[in-house]
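**Student:** Dropping a structure here in structure tokens format, bear with me for questions.
The values are calculated or read from the model by the stated rules, or taken from the named source; none is laboratory data. On a predicted model such as this, the values are computed, not experimentally measured, just so you know. Virtual Cβ from ideal backbone geometry, glycine too; neighbours counted across all protein chains shown. Only protein heavy atoms, including side chains, enter the accessible area calculation; ligands, DNA and RNA are left aside. Shrake-Rupley method; radii C 1.70, N 1.55, O 1.52, S 1.80 Å.
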Amino acid sequence: MYPEGEARIDPSHPRYISLRERELLVAGFKAGVVVPEGLIAHGRGEMFDYLFGEETLPLALTAERAAAAALLTAESPVISVNGNLAALCAEEVVQLAETTGARIEVNLFHWTEERTKSIRALLESKGAKDVLAECPDSFLEGVNHDRGKCHSDGIFSADTVLVPLEDGDRANALVEMGKTVISIDLNPISRTTLFSSISIVDEVMRAMPNLVRFSKELAGDEARAKSIIQSFDNAAALKDMYRLISERFAQLARP
Ligand code: PTJ
């Protein structure tokens, strides 16, 4: 789908992965999947990724394992897909839905029927089945923008929702409804990260394959999955993350 972008970047470039990711988003923008605001959002994320050395921290891996366990043991899990996630990780969304039995729902901040259709088509081209997209028939209370539009047999009735690159309002509304909310957001102090039940502070293109891997590893071992969830403490994990970031700066500040 993205020959133009892929052809321009030489894999020997030291920032190849990051540059390729940008090209995927630009191609997604040209295809009507990503909104211009999505390009800005990505830049905000990249800035935070420098704090983590552009790699998955062990703390993030622990959250990813707990998230996979939560999706596997949920009654009605849903993966919420926006434009950026579709452009970057469509295949992993489909794989994760397959390994965890989660439904896929297209949910947009900058909502248009046309975009929901394009994103559904992109997911289907990667093998997704039964994607909830057009014609949302429910609305989340407490969300005063289009992100509140959802499907009654998807996000509205789900017990566990994975929300990559989210805004805080909806994450909070979903938690208020009693759902387990799993976020993926590079900003360690965003409202989404602070409100979520399991906050994955990692780059989405690193986090999603990890979720797929962990869900394959844990599939069929419900006891282990449940014990992983029980021993995971989100608030403590975030505090450890803040400590790690401050230590990194303290080290840099040493004479
Ligand atoms: O497709 P739509 O219409 O639903 O719109 C999607 C965007 C992303 C434009 C919309 O959700 C939005 O405006 O998001 P925000 O409020 O800018 O939040 C995006 C969050 O995701 C920020 O905290 C970023 O740090 C973070 N982020 C951006 N890119 C990545 C990321 N986190 C992980 N991986 C990334 N690649």
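**Student:** Out of the residues in segment 1-43 that are open to solvent by 80 Å² or more (accessible area, probe 1.4 Å) and modelled with pLDDT of 95 or more, state the one that is farthest from LEU123 (Cα to Cα).
**Tutor:** ILE40
**Student:** When you go through PHE156, PHE249, PHE195 one by one, which is the residue that is of a type in the set (Phe, Trp, Tyr) and under 15 Å from the mean Cα position of the chain (by Cα)?
**Tutor:** PHE195
**Student:** Does PHE249 meet the test of being among the aromatic types (Phe, Trp, Tyr), over 24 Å from HIS42 (Cβ atoms) and either touching a Lys or Arg at 6+ places or on another chain (Cβ under 6 Å) or surrounded by fewer than 16 Cβ atoms within 10 Å (Cβ to Cβ) (or both)?
**Tutor:** No, not satisfied.
**Student:** Also: Is there a residue being at pLDDT below 95 and farther than 24 Å from HIS42 by Cβ anywhere in segment 155-162?
**Tutor:** no
**Student:** Inspect segment 131-153 for any residue being modelled with pLDDT of 95 or more, open to solvent by 10 Å² or more (accessible area, probe 1.4 Å) and on the phi > 0 side of the Ramachandran plot and give the result as yes or no.
**Tutor:** Taking every residue of segment 131-153 in turn, at least one turns out to be modelled with pLDDT of 95 or more, open to solvent by 10 Å² or more (accessible area, probe 1.4 Å) and on the phi > 0 side of the Ramachandran plot.
**Student:** Here is a follow-up. Please find, among LYS226, LYS239, the residue that is touching a residue at least 24 places away in the same chain (Cβ under 8 Å) and open to solvent by 40 Å² or more (accessible area, probe 1.4 Å).
**Tutor:** Testing whether each residue is touching a residue at least 24 places away in the same chain (Cβ under 8 Å) and open to solvent by 40 Å² or more (accessible area, probe 1.4 Å) leaves just LYS226.
**Student:** Okay, moving on. Please find, within segment 190-208, the residue that is nearest to MET241 (Cα to Cα) out of those that are part of a loop (DSSP other than H, G, I, E, B) and either more than 9 Å from the ligand (Cβ to nearest atom) or open to solvent by less than 10 Å² (accessible area, probe 1.4 Å) (or both).
**Tutor:** Here the answer is VAL201.
**Student:** If you take the residues of segment 94-115 that are of a type in the set (S, T, N, Q) and closer than 14 Å to LYS149 by Cβ, which of them is nearest to the chain's Cα centre (by Cα)?
**Tutor:** Checking each candidate, the answer is ASN107.
**Student:** Looking at segment 82-185, what helices (runs of 4 or more DSSP H) fall wholly within it and have at least 2 residues that are within 13 Å of the ligand (Cβ to nearest atom) and free of Cβ contacts under 8 Å to residues at least 12 places away in the same chain?
**Tutor:** none
**Student:** I'm trying to understand the selection: among the residues of segment 48-77, which are assigned to a helix (DSSP H, G or I), open to solvent by 20 Å² or more (accessible area, probe 1.4 Å) and in contact (Cβ under 8 Å) with a residue 60 or more places away in the chain?
**Tutor:** Answer for segment 48-77, where residues must be assigned to a helix (DSSP H, G or I), open to solvent by 20 Å² or more (accessible area, probe 1.4 Å) and in contact (Cβ under 8 Å) with a residue 60 or more places away in the chain: PHE48, LEU51, LEU59, LEU61, THR62, ARG65, LEU72, THR73.
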